[in-house]
Every structure is written in C-alpha cells, then in structure tokens.
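> One structure, pasted below without further comment.
The values are calculated or read from the model by the stated rules, or taken from the named source; none is laboratory data. These numbers come from a predicted model, not from an experiment. We place every Cβ from the backbone using ideal geometry, glycine too, and count neighbours over all the protein chains shown.
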Amino acid sequence: MGITPTDVEQEVRSVDIIVSKGNEAGDITYANPIFFKLAGYTQGELIDKPHALIRHPDMPKIIFKYFWDSLKDSKDVYAFVKNLAKDGSFYWIHAHVRVAKNPDGSFRNYVSTRKTMSAGARAVIEPLYARLIVAEESGGMEVSLKVLEEFLASYGGSLETFNDVMTKLQNS
Ligand SMILES: Cc1cc2nc3c(=O)[nH]c(=O)nc-3n(C[C@H](O)[C@H](O)[C@H](O)COP(=O)(O)O)c2cc1C
C-alpha cells in the first residue's frame, strides 16, 4: 500500500530475536526495538496497527491462511516470512507464532518470535513461494493449496506436519 518494494535486502543477524504481540485482529500491541528497526517504522507508527503493514507482496496468501487457521485452532505456527520495510527493502525471517492464554484459559494475545532464516531454507522456500504466487494468480487458493500440499508431500509431510517440514528446512 503505497510502498514500492525494492530488491534491497536487510540482514537479520543470528543474534537477532524479533518479537511482536498481536490482538485477536492481528493488530500490533507490542514489539521489541529490533522489530521497529527492521520494519523502519517508529513505535507510534505501528502500535495498534495491523501486522499486515509489513506484508510483502511476494508472500503467498495460502501461507497466511494456514497461519490463521492454525492460530484459531490454538496451534503454534512455524513459518518463513518475507517482510516489507517502510523504505521498500525486505527481510526474511523464520517465525514461531503461538497463542498466549490467561491463567483462566481465555485468550491473552498472539506472540511471534522471529529469527534469521537458514540459507538451506531460503534456497527452497523462495522458489516455492514464487510458485504459490503464480498458482494463486492463475487458479486461486484451491490451486495454491494443491501446490503447497504437493511440496509438503515431497518432504514426506502434509498440511498436518507443515511445522515439522519447515523446521527440517530451517535446520538444513
Ligand atoms: C503475532 C502476529 C505476528 C504477525 N507477524 C507478521 C509478519 O511479520 N509479517 C506479515 O506479513 N504478517 C504477519 N502477521 C499476519 C498479519 O496479521 C496478516 O494476516 C498478514 O500480513 C496477511 O495480510 P492480510 O491478512 O491482510 O492478507 C502476524 C500476525 C500476528 C497475530
């Protein structure tokens, strides 16, 4: 939205741990300094705003569908995400997102903890996401889901073991 993506990549260092929290709608309720630094926004520009502000157009819709379906089911998500900074640059991360609950079991917030993505994962995920985008443009989510399922099957997995396949890739 108004930001033109560039091919400038920002480095996420192996020591960086990028944290943010969100409410049920996905709006940012908290983020740590490295989150703001990479995204290129001030705290005032991002707090109470949707996480989708840093959505990169190279991210397939099907990944966010899996992401939200899992969270609504109270399941953790491990996923690779390409994020868009305010200046148009991008950075890849390996995210672990979970639902935090209050002591009485009610919803507290969503918490995402992001780390650098491994080179092995990058080599596989970047072309996969490009294929998913093409599938979405030509055949919609149904075709995209098929491509994703075929990919997971080629790693001996399925949608049910999406997290395991992503973790295996991160460690490759
Ligand atoms: C805790 C939390 C962290 C999130 N982090 C990101 C993120 O780093 N990048 C991103 O594009 N979307 C992130 N999202 C997902 C967004 O809310 C949104 O679903 C996504 O950007 C896709 O945008 P859309 O739903 O408008 O298509 C996060 C959501 C939550 C709840």
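> From Gly40, Gly88, Gly2, grab the single residue that is away from the ligand (no atom under 11 Å from the Cβ) and at pLDDT below 95.
Gly2
> For the range 147-169, what are the residues that are in a helix (DSSP H, G or I) and either in contact with a Gly (Cβ under 8 Å, 6 or more places away or on another chain) or small (Gly, Ala, Ser) (or both)?
Of everything in the range 147-169, those that are in a helix (DSSP H, G or I) and either in contact with a Gly (Cβ under 8 Å, 6 or more places away or on another chain) or small (Gly, Ala, Ser) (or both) turn out to be Ala153, Ser154, Asp164, Val165, Leu169.
> List pairs: first in the range 47-73 and within 15 Å of Leu152 (Cβ to Cβ), second hydroxyl-bearing (Ser, Thr, Tyr), Cβ under 6 Å, 6+ apart or cross-chain?
So the pair list comes out as Pro60/Tyr129; Ile62/Ser144.
> Still on this structure, please answer the following. With more than 11 Å from the ligand (Cβ to nearest atom), in a strand (DSSP E or B) and surrounded by fewer than 19 Cβ atoms within 10 Å (Cβ to Cβ) as the only criterion, which of Arg108, Arg13, Arg98 stands out?
Arg108
So that you can scan it fast, the table gives a plain yes or no per residue for (1) under 25 Å from Ser144 (Cβ atoms); (2) surrounded by 14 or more Cβ atoms within 10 Å (Cβ to Cβ); (3) of a type outside the set (Gly, Ala, Ser):
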{"residue": "Gly2", "(1), (2), (3)": "no, no, no"}
{"residue": "Ala25", "(1), (2), (3)": "yes, no, no"}
{"residue": "Ile28", "(1), (2), (3)": "no, yes, yes"}
{"residue": "Gly44", "(1), (2), (3)": "no, no, no"}
{"residue": "Asp69", "(1), (2), (3)": "yes, no, yes"}
{"residue": "Tyr78", "(1), (2), (3)": "yes, yes, yes"}
{"residue": "Val81", "(1), (2), (3)": "yes, yes, yes"}
{"residue": "Ser89", "(1), (2), (3)": "no, yes, no"}
{"residue": "Trp92", "(1), (2), (3)": "yes, yes, yes"}
